[in-house]
1. Going 7 Å from the Cα of ASP286 toward and past its Cβ, which residues in the stretch 299-328 have a backbone nitrogen under 11 Å from where you end up?
2. At what distance in nm do the modelled label points of LYS138 and GLN118 sit from each other, each positioned 7 Å from its Cα along Cα→Cβ?
3. Which FRET efficiency value, to the nearest 0.05, is calculated for ALA351 and LEU294 with the Förster distance at 25 angstrom and r the Cβ-Cβ distance?
4. Which entries of LYS193/LYS262; LYS193/LYS279; LYS153/LYS262; LYS279/LYS339 show an alpha-carbon separation above 19 angstrom in the structure shown?
5. Write down Rg/Rh for the chain, rounded to two decimals, with Rg from the C-alpha atoms and Rh from the Kirkwood relation over Cα pairs.
6. Report the label-to-label distance for LYS340 and THR241 in nanometres (one decimal), using points 7 Å from each Cα along the Cα→Cβ vector.
7. If I stretch the segment between ILE318 and ALA66 completely, what's the gain in nm (0.36 nm per residue apart, minus their alpha carbon distance), one decimal?
8. What aspartates and glutamates could a cross-link reach from LYS306, if we take a straight Cα to Cα line under 19 Å and drop same-chain neighbours fewer than 8 places away?
Amino acid sequence: MLRSFRFFLVSLIILAFLPIFASAQRSPFVVGNASAAPGQKATGYLEVPAGVDAGTNIPVVVVNGAKPGPVLALVTGAHGTEYVSIIAVERLIVDLDPARISGTVILIPLVNIASFEQKVPHVNPVDNKSMNRFYPGKADGTQTDRASFLITKQVVDRSDYLIDYHGGDLDESLRPYAYWGPTGKDLQDHISKEMVLAFGLDHIIIWHDRPTDLAASRYLDNTASLRGKPSIVVEAGHAGTVETDDVALLVNGTVSTMRALKMLPGEPNYIEHPVWLEKIVDVISDGPGIWYPLVKRGTYVQEGMKLGYVTDFFGKVILEPRAPEAGVVLHVNAVPSLKKGDNIANLGVVASKAPL
Ligand SMILES: [Zn+2]
């Protein structure tokens, strides 16, 4: 009952939003050099020109639905070794049928090609920058800046909604979760909240205190949010693995969200009573050594609980990192390697109540 009422309400809101959809025209939809007529799927590249360093070609797919509707951007692979997020969007490239879609889907399956090819976690090895920290980008910076600039212009500015996909990197044992970043604009926040509930991941971080400067929005989803486009971040997968269950979470979540946005027929599958997390606490290593975890991804810990220990290369225990607050282990360092300043774990602190 509650669910159908919610569905009715969301339908009204989505319909109210319709007149401003960017895809009102039914001509070919072009992103980079991918051009798809209504009812077609096209592939191509966002061509990042060479500048102070090498250029790159970022693959893009446009699925232009047979019926009119909004434009949804699905972007992944900013971190090219968060494999589940990449494989899930690859699956969607094959599965999404333009004949069934109302609106247009822009899919970017791999932003950071050098990271993927060279198996380098966290950064673009061309300029050593994270490809989700330099938005909205600039035309004359290093490769990451130029790629971010192009994605802002060609993907964010052309979309009505955006989903950014991440996961545990090669050295991160991560349990699935999503981010919802409220902006203070009621209608936009209502839609983005419906998106994150429809996506269905059972732990949701309420991401407060984000940059508000359009010229320094840093994150991709924040860049979209600041431009008035409801957006969410979703994370699944861990430590180089590609497990079927993790891929399914991201694929099914996307389909359910597209249903909530009226881009696919059928009812969305909302998560009921997710765990809302009010903040993330980083546990940072005080020194180098060998890491021995005592918790797993998803473990709930009490304040003060030992998360693991660190030894020197002679086996002597030198550090015993503890939980600064009670919470859930969102991710924990998955490998023995540790240097000073490394992130040992991220804890999500459970919110005292669900957001209104
Ligand atoms: Zn990532």
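1. Residues passing the 11 Å test: 318-322.
2. Inter-label distance under the simple model: 2.3 nm.
3. 0.45
4. Over 19 Å apart, Cα to Cα: LYS153/LYS262; LYS279/LYS339.
5. Value, to two decimals: 0.98.
6. So the label points at LYS340 and THR241 sit 3.4 nm apart.
7. Computed gain between ILE318 and ALA66 is 84.5 nm.
8. Leaving aside aspartates and glutamates fewer than 8 places away in the same chain, those within reach of LYS306 are GLU172, ASP282, ASP286, GLU320, GLU325, ASP342.
Values in this text are rule-based calculations from the coordinates and carry no lab data. Every value quoted in this text rests on a predicted model; they were computed, and no experiment measured them. When we count neighbours, we look across all protein chains shown, and the Cβ atoms used for this are built from the backbone with ideal geometry, even at glycine.
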